[in-house]
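Report on the following structure.
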Amino acid sequence: MSRTLTSALRGFGRSSWMAALLLVVSCASPPKAGLAPGSTAASAAPSEPLPQLARQHHVCAAAVAVIRQRELQSVTTASGCDPALQVPPDSVFQAASLSKPVFAYAVLKLVQQGRLALDAPVLQYLPQGYRHAFNPLHPELATQSDVVTDPRLGAVTVRMLLQHTAGLPNWASGPLRFEGTPGERWSYSGEGYVLLQRAVESVMQRPLDEVMQALVFTPLGMGLSSYRWTPRIGDHLLPGTKANGAPRKQVLMNQPVAAYSLYTTGDDYARFVIAWLRDPALQAMTAESPVNVDARLNLAWGLGWGLETSADGAGTRFWQWGNNPGYRAFVLAVPASGDALVLLTNSDAGLKLVEPLVRSHLPGEYKVLRSPFLSAGVLDTLCEVLRVCL
């Protein structure tokens, strides 16, 4: 595993930091979205049916959106629970870190509008400085905060925050402290996205959920997407589960957090991916300054997306994985063909579906499938083999 990747897997919050630490151990061993708002495409059966995969891996609920040539081909749902959970097409999931590419899309739109500049210091947009909440993973519980005075903050740019090179930790459960020199190397950071969120909110003079509604959700017809819990979201939300299908305690994300708090459906997220696939200018911006993540797997990071350089001349692929307690998610987009796959699940075992689904729906070799980011890790192994599900 590369040094930068190992560094990135430190400090994940709550479920994420523990899973990431054990992951290292285990490794050592409005564009038209194809449908009118509110409607759903007919299901198309993959070569490995989603219901079979969900049952095999005890994934209580999954939604898979398949995009072909920048058009929505299908949204398929399934339940692997016994008894089966009802998974209607408008089911809402926590998208976890799939929140980041959507937020980055809004940021790049603001760059195109001249409201933000990629290489401007982020403090340019925070004239009062940056007040950091001690527990950004649980902002509703945060009672302490600090004004960040480290002089390195002045060197942090919008670009660095989008591509995870600001030198910040993934999460800090106390004062925010730098782990490296801004711009020096890649290190995955949810804290960086929270910092950029504050800059966007300052520029727009609105909270993040309102900004995203105006810039993304309304224009793209994403009617069941939100960066915070609402009663309407709650009416459609599937509860998260452990890897064995047992329920997890539900935590409602009442405060928007750019790094992880997106609630969405398979259809809605597909609308975003299609809009992005139909915007060559944004794709070029996303990939114009990649930073190395894992040279062995041809993995890098762009502005809001993970990148994989194809060995077969098919161009750059764009991806992101998501990991919240009780939810796992994945997206992979191939601009050269206009194809993409979106997976949302309400299960800690959800990432086990990624490889068979990608191989069923997206022809070609994808080295990201061998990345530790997608490893189940020791916790899932304990649950699957010993039935100790934490």
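The values are calculated or read from the model by the stated rules, or taken from the named source; none is laboratory data. Quick caveat, the model's predicted, so the values are computed rather than measured. All Cβ positions, even for glycine, are placed from backbone atoms using ideal geometry, and neighbour counts span all protein chains on display. Only protein heavy atoms, including side chains, enter the accessible area calculation; ligands, DNA and RNA are left aside. Shrake-Rupley method; radii C 1.70, N 1.55, O 1.52, S 1.80 Å.
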Pairs, first open to solvent by less than 70 Å² (accessible area, probe 1.4 Å) in region 142-155, second in a strand (DSSP E or B) and aliphatic (A, V, I, L, M), C-beta under 6 Å, six or more apart = Ala142/Ala133; Ser145/Ala133
Would region 247-260 turn up any residue that is in contact with a Leu (Cβ under 9 Å, 6 or more places away or on another chain) and of a type in the set (Lys, Arg)?
-> no
In region 86-125, the residues that are surrounded by fewer than 20 Cβ atoms within 10 Å (Cβ to Cβ) and not in a helix (DSSP H, G or I) | Gln86, Pro88, Pro89, Asp90, Gln113, Gly114, Arg115, Ala117, Leu118, Asp119, Ala120, Pro121
